[in-house]
Amino acid sequence: MRALARLAGAVFVVFSVARVAPGGACTATFTGDKTGTFPEALNLDRRSGALTVDLSGIPKDAAVFRAELVLRLVGPHTQRSLAPTKVHPEGEAEKPLKFVVPRFVSLDALDAVQAAHKAGKPLALRVVSTAAGVSHLEVSYVGGKQKAEGIPAVTNVKASHRKGQTLITFTEPKLEAFPEFKTGADVRAFAADFAKKHPGLAFRIWRSAEKITPDTIARARLVGECGFFSCWNATYHQEETARKPPVLYRVSDLGEPLAWGTGVYAHNPAEAGGAFYAVSVALNGEEDFSQLSATAEPVQEVVGQGEPILQWMENPDPKDGWMYRRGKMARLIYTRWEAWPHSSVPNNPIDYLVVLPIEPKPEKPGGEAEYNSWRVDPAPVGLHLHCWGGSLNGGYGWWYNAHRGAVLIASNQIPYDWWTGYHEALRTAKSFGDGHVRPFTMNRMFGFLDWAAKQHAEAPEAVRPLWPRLDLTRVFTAGNSMGASGAPMYAIRHGDRIAWAIGWVGVHVPELSPGFKGSYENSYGKRDPAITMPDGKTSPWDHFSDVWWMKHNPKAETGLIIASNGKNDGGIGWPQAHQFARTLQETRRPHIYNWGLSGHGTRTIIGANFDQDVRTDQSLPAFTNCSLDGNIGTATPKLKDQIEAERKQQQDEVADKKRREVIIDPYDGDPTGAYNAWLRWRTDDIVDTADAWELTVILLDKAPKDTCTVDLTPRRLQKFRTPSGAKFAYTVTDVKGGNELAKGTATADEHDLLTLKQIPLVKGENRVKVLPSR
């Protein structure tokens with residue numbers, strides 16, 4: 001393991017500690033209560049918003065180099081103010097204080113404090129609007145003496161940089177002896193007790209282009225803050241954390257785990273160049289810069305997102321396998337400390353799982369090959385999205401298409417935004433009026449995918465041979481419940497990147513979900529014109545509604561959607577699912593959809609193995625209005641008398657042993673059914689040129705009838721074009737018998753879509769040919 005820590009996947013530089021000499025720099029706090037360096041120095045008239053701070057405690061000849069008005073933080077599930085945060089110097093409304101990046105928990109008051117201090121006057125501000133109010137003022141200056149006593153210091157500051165991210169580690173002051181932790185619950189209990197004994201302590205990360213000492217701290221910038229126990233990965237096991245052994249982070253690929261008592265912070269610099277770092281200890285915001293520990297040499301930095309760090313590797317027993325698959329495989333666990341635009345806050349560690357089949361797929365797999373995991377190169381990729389209560393280790397159904405060589409990528413859902421995004425105010429002091437809802441989670445999942453696509457050539461040598469090339473034209477998303485809500489959202493909004501999606505019992509119109517609308521509100525806020533996506537116009541409740549999105553983007557190409565819902569799934573909701581299914585038909589999207597009465601366990605008719613080679617660089621057929629489709633109804637609830645009559649009838653049938661249980665269909669339409677259950681197509685003989693489009697459509701042998709009719713719309717066209725108003729001729733031929741089943745003409749509509757209405761098909765293969773009319 002020690003040798004592996006020196007892998008070439010990261011540049012890791014260990015710096016000796018520079019214990020700098022004492023000096024007269026400090027951070028003082030000004031509060032409105034009896035705490036802080038200068039208690040009761042801050043006065044806020046809540047009615048008028050007038051805020052004054054008595055700065056007379058700062059020596060007249062002191063040099064102020066940092067001043068931040070720290071705002072109160074909003075609770076995680078609290079609806080925030082819709083008004084933008086606005087605090088400005090009294091009489092200067094045109095000069096509002098700006099948020100301090102990248103943490104957005106305070107406002108930059110440096111100019112205002114410097115001006116007031118120079119004039120020998122109190123700081124006078126006007127607080128017009130904030131999310132949760134003002135906490136206190138912090139002022140860092142040279143030429144004063146820190147009043148607080150007993151602030152401990154860190155030691156052993158080190159920094160390493162890899163592709164846009166610097167990881168700073170340090171040894172925390174030893175305030176308590178660490179016991180032997182057996183479970184995550186042990187760590188949580190110890191951490192809670194520690195916080196009670198040592199309240200208000202935090203570590204602050206300072207960055208500068210020159211070596212940081214008490215004499216140069218004024219030219220450094222505060223870039224981050226973290227607490228104790230940052231070496232502990234408290235989210236890897238998600239809801240099972242309390243029962244599982246604790247996991248410690250590594251900061252180099254397959255390196256040694258950090259020791260208890262080691263702090264870690266990840267910073268993504270905004271500019272490239274050499275940088276020095278220092279770590280101070282703050283006690284309720286107060287700092288004594290004579291207690292600095294700093295790096296002695298600069299670390300060379302570039303601007304970027306940073307890279308995932310390989311934490312460890314597992315090799316499940318090939319006979320037992322993993323996630324219902326057998327064969328040789330490798331599980332690689334990574335962590336990336338996410339930052340904007342993957343996260344609303346910096347230094348946000350999130351774990352990822354990559355599972356790679358190792359055994360090459362034989363030409364003719366024997367035995368139960370459909371249960372095996374095989375290696376192919378290049379390999380398709382499945383982004384597996386877990387359900388509520390799941391984790392990167394499970395809760396997404398199966399390892400889909402492992403029998404076809406699919407590489408599995410999974411992650412933990414943090415926060416629970418249903419794999420979509422959340423307001424940038426979350427975990428900051430911003431209000432809902434200070435920004436937008438952004439697709440942070442989608443961004444980070446695609447970011448990890450793009451990074452993974454390079455690992456066959458760039459991974460550390462110890463694991464590089466395990467990585468096949470990834471075929472980014474054959475990426476799919478998969479999941480169930482919360483994961484099935486996210487899976488089609490990716491394929492619908494990113495049809496250029498997602499070839500197909502599969503998910504059972506998902507939410508498709510968040511606003512109409514009876515049980516989970518509130519969960520979405522925790523991410524987006526309640527519907528309000530003031531809360532929008534980055535375009536400043538679109539509500540997130542619309543943008544993340546699959547129904548709204550498809551109706552408002554009829555020309556946009558989507559991946560193939562394989563989905564299902566239960567009519568009696570009260571939490572997810574049937575009316576919203578019904579809208580989704582009907583919109584797939586009405587907007588002519590490639591889809592296979594089914595419904596039933598298994599509640600939240602209503603699975604898709606396609607299982608863990610989907611044997612069509614669907615790609616983003618290949619056209620897709622959208623089948624609609626098939627004569628073999630079921631009657632989905634109108635999502636109209638049945639009358640109470642009708643339900644009670646059905647219940648009594650089923651109870652009698654159970655008593656007579658004619659059925660196993662009572663399952664009431666609460667809505668009109670067929671109790672179970674599907675769209676396009678019996679239709680498939682060949683992917684190896686598609687013709688998609690400027691002059692012709694051809695496809696072999698298959699009516700499955702197990703279809704309930706020998707023939708059917710269906711509307712067919714070519715989608716995701718590569719070279720063939722169907723501009724509005726253009727006319728086309730088509731034929732449909734029975735491949736086996738050679739008989740022409742139909743021929744006709746069709747005209748492309750206002751959305752540049754060409755639909756061949758009610759073409760006939762017979763069991764087996766049917767060749768459809770489309771040519772521009774001459």
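Which chymotrypsin sites (Phe, Trp or Tyr not before Pro) in the stretch 282-335 sit in a loop by DSSP (not H, G, I, E or B) and have at most 13 other Cβ atoms within 10 Å of their own Cβ? Walk me through the intermediate numbers first.
On the way: sites: F289, W312, W322, Y324, Y334; in loops: Y324.
Hits after loop and neighbour filter: Y324.
For the stretch 679-772, the square roots of the Cα gyration tensor eigenvalues, ordered a ≥ b ≥ c, give a/c of at least 1.5 with a/b greater than b/c, which places it in the prolate category. By the helix-only formula, in which each DSSP H run with n ≥ 4 contributes -39500 (n - 2.57) and the sum is divided by residues, the chain has a 222 nm mean residue ellipticity of -4000 deg cm²/dmol. Sorting 483-494, 555-566, 684-695 by their mean Cβ neighbour count within 10 Å, with the most densely packed peptide first, gives 483-494, 555-566, 684-695. Mean separation of Cα pairs under 8 Å and 6 or more residues apart, divided by the residue count, gives the chain a relative contact order of 9 percent. Considering the zone a paramagnetic label at V735 would reach in this model (a point 7 Å from Cα along the Cα-to-Cβ line), which residues of the stretch 614-636 have amide N under 19 Å from it? Hits in the stretch 614-636 for V735 at 19 Å: 614-615, 618-623. In the stretch 215-346, inverting the average of 1/r over every pair of distinct C-alpha atoms gives 17.9 Å as the Kirkwood radius.
Legend: distances between Cα atoms for K364/K702; K34/K197; K638/K702; K567/K658; K517/K537; pairs beyond 28 Å are K638/K702. If R0 is taken as 30 Å, the Cβ-Cβ distance between A209 and D61 corresponds to a FRET efficiency of 0.70. Rounded if a/c is under 1.5, else prolate if a/b is larger than b/c, else oblate: which is the stretch 25-142, with a ≥ b ≥ c the root eigenvalues of its Cα gyration tensor? Prolate shape, in that a/c is at least 1.5 and a/b is the bigger ratio. Among the GluC sites (Glu not before Pro) in the stretch 699-774, those placed in a DSSP loop whose Cβ has at most 16 other Cβ atoms within 10 Å are E750.
A Förster distance of 56 Å, applied to the separation of the beta-carbon atoms of E297 and D320, puts the FRET efficiency at 0.70.
Looking at the stretch 309-617, the DSSP beta bridges with both ends there are about 45 percent antiparallel. Farthest toward the dipole's positive end in the stretch 399-524, which of H423, A478, G435, given Cβ charges of +1 (Lys, Arg) and -1 (Asp, Glu) about the Cα centre? Checking the options against the dipole of the stretch 399-524, the answer is A478. Taking a sphere under 10 Å around the Cβ of K719 and counting the other residues whose Cβ falls inside, with K and R at +1 and D and E at -1, yields a net charge of -1.
In this calculation the C-beta distance from M313 to D186 is compared with R0 = 25 Å, giving a FRET efficiency of 0.45. Toward the positive end of the charge dipole of the chain, with +1 on the Cβ of Lys and Arg and -1 on the Cβ of Asp and Glu, the farthest Cα among L699, P468, P269 is that of P468.
When you filter the trypsin sites (Lys or Arg not before Pro) in the stretch 53-114 for DSSP loop state and at most 14 other Cβ atoms inside 10 Å of their Cβ, you are left with K60, R72, K98. Globularity index of the stretch 301-363 is 1.51 (Cα radius of gyration / 2.2 N^0.38 Å, N = number of residues).
Counting neighbouring beta carbons within 10 Å and listing from fewest to most, the residues K430, K95 come out as K95, K430.
Residues whose amide H lies under 5 Å from that of L560, counting only those 5 or more places away or on a different chain, are W500, A501; hydrogens are built 1.01 Å from N in the peptide plane.
Angle check, please: helix 110-119 long axis (alpha carbons) against the longest principal axis of the chain (alpha carbons), in degrees 0 to 90, nearest 10. The helix 110-119 is inclined about 20 degrees to the chain.
With the highest mean first, a sort of the peptides 223-236, 604-617 on other beta-carbon atoms found within 10 angstrom per residue produces 223-236, 604-617. Once both labels are positioned 7 Å from their Cα atoms along Cα-to-Cβ, the gap between I663 and V376 label points is 3.3 nm.
Computed from label points 7 Å out along Cα-Cβ, the spacing between E586 and A272 is 5.1 nm. A Stokes-Einstein calculation at 4 °C with viscosity 1.567 mPa s, built on the Kirkwood radius of the stretch 309-617 over Cα pairs, returns a diffusion coefficient of 66 µm²/s. Label sites at A50 and D111, each approximated as a point 7 angstrom past Cα along Cα to Cβ, lie 2.4 nm apart. Counting only residues at least eight positions apart within a chain, or on another chain, the lysines with an alpha carbon under 26 Å from that of K163 are K211, K454. Taking 0.36 nm per residue of separation and subtracting the current Cα-Cα distance, fully stretching the chain between K34 and D450 would add 144.6 nm. In terms of other Cβ atoms within 10 Å, T27, T713, T473 run from fewest to most in the order T473, T713, T27. Taking 0.36 nm per residue of separation and subtracting the current Cα-Cα distance, fully stretching the chain between Q718 and K244 would add 165.7 nm.
Within the chain, DSSP assigns beta bridges of which about 80% are antiparallel (rounded to the nearest 5).
A simple rule links phi to the HN-Hα coupling: the Karplus curve 6.51 cos²θ - 1.76 cosθ + 1.60 with θ = phi - 60°, which for the stretch 301-309 gives 10, 10, 8, x, 8, x, 10, x, 10 Hz, with x for Gly and Pro.
Throughout, read-outs are computed from the coordinates displayed, never taken from laboratory work. Computed from a prediction, not measured in an experiment: that's the story for all the values here. Counting neighbours? That spans all protein chains shown, and the Cβs are built from the backbone with ideal geometry, glycine included.
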